[in-house]
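Chemist: Below: one structure in structure tokens.
The values are calculated or read from the model by the stated rules, or taken from the named source; none is laboratory data. Predicted model only: the values in this text are computed from it and were never measured. Note: ideal-geometry Cβ built from the backbone for every residue, glycine included; neighbour counts use all protein chains shown.
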Amino acid sequence: MAETRKTKVLIIGSGPAGYTAGVYASRAMVEPILVQGIEPGGQLTTTTEVENWPGDTEVQGPDLMIRMEAHAKAMGTEIIGDIITDLDLSSRPFHATGDSGTTYVADAVILATGARAKWLGLESEEKFKGFGVSACATCDGFFYRGQEIVVVGGGNTAVEEALFLTNFASKVTLIHRRDELRAEKILINRLMKNPKIEPLWDHTLEEVYGTNSPLGVEGVKARHVKSGEITDIPAKGVFIAIGHAPANELVKDVLETHMGGYVVTKPDSTQTSIPGVFAAGDLTDHTYRQAVTSAGMGCMAALEAERFLAEQGEDVEVAGGKDHAEPLGYGAKVEA
């Protein structure tokens, strides 16, 4: 028999935004439920060294997310390994349906579903997905020890993937459609100094080719953007690193979106076009897309959800703590 779970705040997603929302919502005593989704921990679980998380000179992405999950759980967040497949925001309380069959009923919803890797849309790319074509170097790089590899892209993701893959590959060719990279300067410097990486400027990926039985990549064809000349590059692995798109499937036809599908929020707020529904992290952030900004928005979403519930007359306790002395206009200060 299908179960129904009721909560004041339902958090959908489990990256830095989701887990931070869990911490703050728990401190507000609203007993949040967090549904982790298809990729518990989000994009950071497929990242290696993280060097820009305040307080850690260097930390492994998966380790950081394990710590965040443990923190949210210790504060009182109920964390459930389920995937929300349907979300009804037509009236309050809101209703969400999990892949498990569970129905989640919530007075407020925080969307923290993040973003997913973009693909080029090539027929040959689709053919070899999982058989030599990947969007996750940390997931699949190990399989290409001593092999030649191609990375496609020119931003931080592409440079980070190329650098990581040099731990395994004999050679990494970075295909970029422009003649300069858009990554952070420190990453570009590392890439240009690495003898295993060879940039191929002003080219786009035209085709991935390989064997059919067994299915496997043998190389790629790259097209020069100006001359149209084709360059053949031998490779056993191809990593597509052209950025990410917001994971907005649950709300793209319900909430206001812009900039290719990012959920619109009010200025200086995480409030969406539906009262009581808040969005945080890469689902709404088309500018910064950093773990630290996602965590900040998760904090904002939880505090705004707390305020919303209080304004609706819900039974919400005042959140205390050193960082929350004046809880959102409740009128009574809490001693730290």
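Chemist: Look at the range 101-128 and say how many of its residues are closer than 30 Å to S213 by Cα, buried (at least 17 other Cβ atoms within 10 Å of the Cβ) and aromatic (F, W, Y).
Modeler: Selection size over the range 101-128: 1.
Chemist: I need a count of the residues in the range 159-198 that are charged (D, E, K, R) and at pLDDT below 95. Even if it seems obvious, please write down each step before you answer.
Modeler: Narrowing the range 159-198 to residues charged (D, E, K, R): 160-161, 171, 177-180, 182, 184-185, 190, 193, 196, 198.
Filter once more, keeping what is at pLDDT below 95: 160-161, 182, 184.
Final tally of qualifying residues: 4.
Chemist: Oh, and also: So, in the range 79-100, of the ones that are crowded, with 16+ Cβ neighbours inside 10 Å and charged (D, E, K, R), which residue ends up farthest from G41 (Cα to Cα)?
Modeler: R92
Chemist: Only one of K196, K221 is assigned by TED's automatic domain parsing to the domain that holds F168, under 30 Å from L64 (Cα atoms) and basic (K, R); which?
Modeler: Values: K221 fails: under 30 Å from L64 (Cα atoms).
The unique qualifying residue is K196.
Chemist: Let me ask another. Among the residues of the range 266-288, which ones are over 15 Å from E256 (Cβ atoms), within 14 Å of the chain's Cα centre (by Cα) and in a loop (DSSP other than H, G, I, E, B)?
Modeler: A280, D285, T287, Y288
Chemist: From the set of residues in the range 183-207 that are without any contact (Cβ under 8 Å) to a residue 24 or more places away in the chain and not hydrophobic (A, V, I, L, M, F, W, C), which is surrounded by the most Cβ atoms within 10 Å (Cβ to Cβ)?
Modeler: Going through the qualifying residues, I end up with N189.
Chemist: Okay, next question. Taking only pairs six or more apart or across chains, which ones have beta-carbon atoms under 9 Å, a first residue in the range 83-98 that is free of Cβ contacts under 8 Å to residues at least 12 places away in the same chain and closer than 16 Å to V9 by Cβ, and a second residue that is buried (at least 18 other Cβ atoms within 10 Å of the Cβ) and of a type outside the set (K, R)?
Modeler: What qualifies is H95/L87; H95/L89; H95/Y104; H95/A106.
To keep it simple, each residue is scored yes or no on (1) touching a helix residue (DSSP H, G or I) at 6+ places or on another chain (Cβ under 8 Å); (2) surrounded by 21 or more Cβ atoms within 10 Å (Cβ to Cβ); (3) under 23 Å from I84 (Cα atoms).
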residue	(1), (2), (3)
V251	no, yes, yes
P267	no, no, no
P275	yes, no, yes
A279	yes, yes, yes
Q290	no, no, no
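Chemist: A follow-up question, please. Which one is surrounded by the most Cβ atoms within 10 Å (Cβ to Cβ) among residues in the range 40-58 that are modelled with pLDDT of 90 or more and within 18 Å of C139 (Cα to Cα)?
Modeler: For the range 40-58, the residue satisfying everything is G41.
Chemist: Taking into account only those residues within the range 6-52 that are in a strand (DSSP E or B) and basic (K, R), which is farthest from the chain's Cα centre (by Cα)?
Modeler: K6
Chemist: Can I ask one more? Would you check which residues across the range 274-295 are of a type outside the set (V, I, T) and within 20 Å of A245 (Cβ to Cβ) and list them?
Modeler: Correct list: A279, A280, G281, D282, L283, D285, H286, Y288, R289, Q290, A291, S294.
Chemist: Now for a different question. G216 - would you say it is farther than 27 Å from V50 by Cα, part of a loop (DSSP other than H, G, I, E, B) and of a type outside the set (K, R)? Break it down stepwise before answering.
Modeler: On the way: farther than 27 Å from V50 by Cα: yes; part of a loop (DSSP other than H, G, I, E, B): no; of a type outside the set (K, R): yes.
The answer is no for G216.
Chemist: Just checking, which of G237, G243, G210, G153 is modelled with pLDDT under 95 and surrounded by 15 or more Cβ atoms within 10 Å (Cβ to Cβ)?
Modeler: The unique qualifying residue is G243.
Chemist: Then there's this: Tell me, yes or no, whether the range 259-276 has at least one residue that is over 24 Å from Q60 (Cα atoms), in the same structural domain as D140 (by TED's automatic domain parsing) and basic (K, R).
Modeler: For the range 259-276, residues over 24 Å from Q60 (Cα atoms), in the same structural domain as D140 (by TED's automatic domain parsing) and basic (K, R): absent.
One line per residue, one yes/no per condition, for (1) free of Cβ contacts under 8 Å to residues at least 24 places away in the same chain; (2) in a strand (DSSP E or B); (3) over 30 Å from R5 (Cα atoms):
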position: I110; (1), (2), (3): no, yes, no
position: T113; (1), (2), (3): no, no, no
position: R116; (1), (2), (3): no, yes, no
position: E125; (1), (2), (3): no, no, yes
position: F143; (1), (2), (3): no, no, yes
position: V150; (1), (2), (3): no, yes, yes
position: V159; (1), (2), (3): no, no, yes
position: L163; (1), (2), (3): no, no, yes
position: N167; (1), (2), (3): no, no, yes
